[in-house]
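Values in this text are rule-based calculations from the coordinates and carry no lab data. The structure presented is a predicted model; accordingly, all values stated were derived computationally and were not measured. For neighbour counting, all protein chains shown are included, and Cβ atoms are generated from backbone atoms with ideal geometry for every residue, glycine included.
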Amino acid sequence: MELNDIMKRIRKGEDEAFAELVHPHIERAYRTSYSLLGSKELAEEVVQNSMLEAYRYIKDGKGIQFFPTWFSRLVSHRSIDMMRKIGRLKESELETKHHGHTSGAMDEAIINETRSEIEMSIHSLENSDYRNVLLLYYYQEHTVQEVAEMLCLNPSTVKSHLRRARIALKERLMKNLAMGVN
């Protein structure tokens, strides 16, 4: 059945039409989300929320030209949003846990400060594609091919984003170093 016909049925309230549309893509969506998050529970949550978002999007009368690509991209973006949310939670937990305690090792303090500065610089990059590619490649340790599949990009585009992101990150870090910003 054609995509437009399925969407019309969904808008008429036929829930089985939505299941028909989404079912072939759930496994891939779950694998994508799981590979980004590394957690079964979080991946399931992201896929479920993405399905709800897709359902609402279609019910609102908005059209989708090629559903598999659109849904895959939606799941990837929501997984990255969840990674950011979890990252902020972990940082907050660490600050709470270590608040008031001094580290005996100066090296550990320097490493943590450097890591924190790099992470802040990554999150402050203006281009979200650069941020996402850096996070997936360096922090989640995915290959260029895996990042390309997750973000629905060409591998050469991922390589280009990585190169440009490293340049932008280097410039930002050098500027901060020159200004003495922590």
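Using packing as a proxy for protection, rank 11-23, 69-81, 143-155, 161-173 so that the peptide with the highest average count of other Cβ atoms within 10 Å comes first.
69-81, 143-155, 161-173, 11-23
Among the listed pairs Lys8/Lys85; Lys85/Lys175; Lys8/Lys40, which are separated by more than 29 Å between their Cα atoms?
In this structure, Lys8/Lys85; Lys8/Lys40 exceed 29 Å between Cα atoms.
Could you tell me whether region 1-48 comes out rounded, prolate or oblate from its Cα gyration tensor? Rule is a ≥ b ≥ c as square roots of the eigenvalues, rounded for a/c under 1.5, then prolate if a/b exceeds b/c, otherwise oblate.
prolate
In the P(r) worked out for region 1-101, what percent of Cα pairs fall beyond 22 Å?
Result: 39 percent of Cα pairs exceed 22 Å.
From the backbone phi of region 42-49, what are the Karplus-calculated ³J(HN,Hα) couplings (6.51 cos²θ - 1.76 cosθ + 1.60, θ = phi - 60°) in whole Hz, Gly and Pro given as x?
Going residue by residue, I get 5, 4, 4, 4, 5, 5, 4, 5 Hz, with x marking Gly and Pro.
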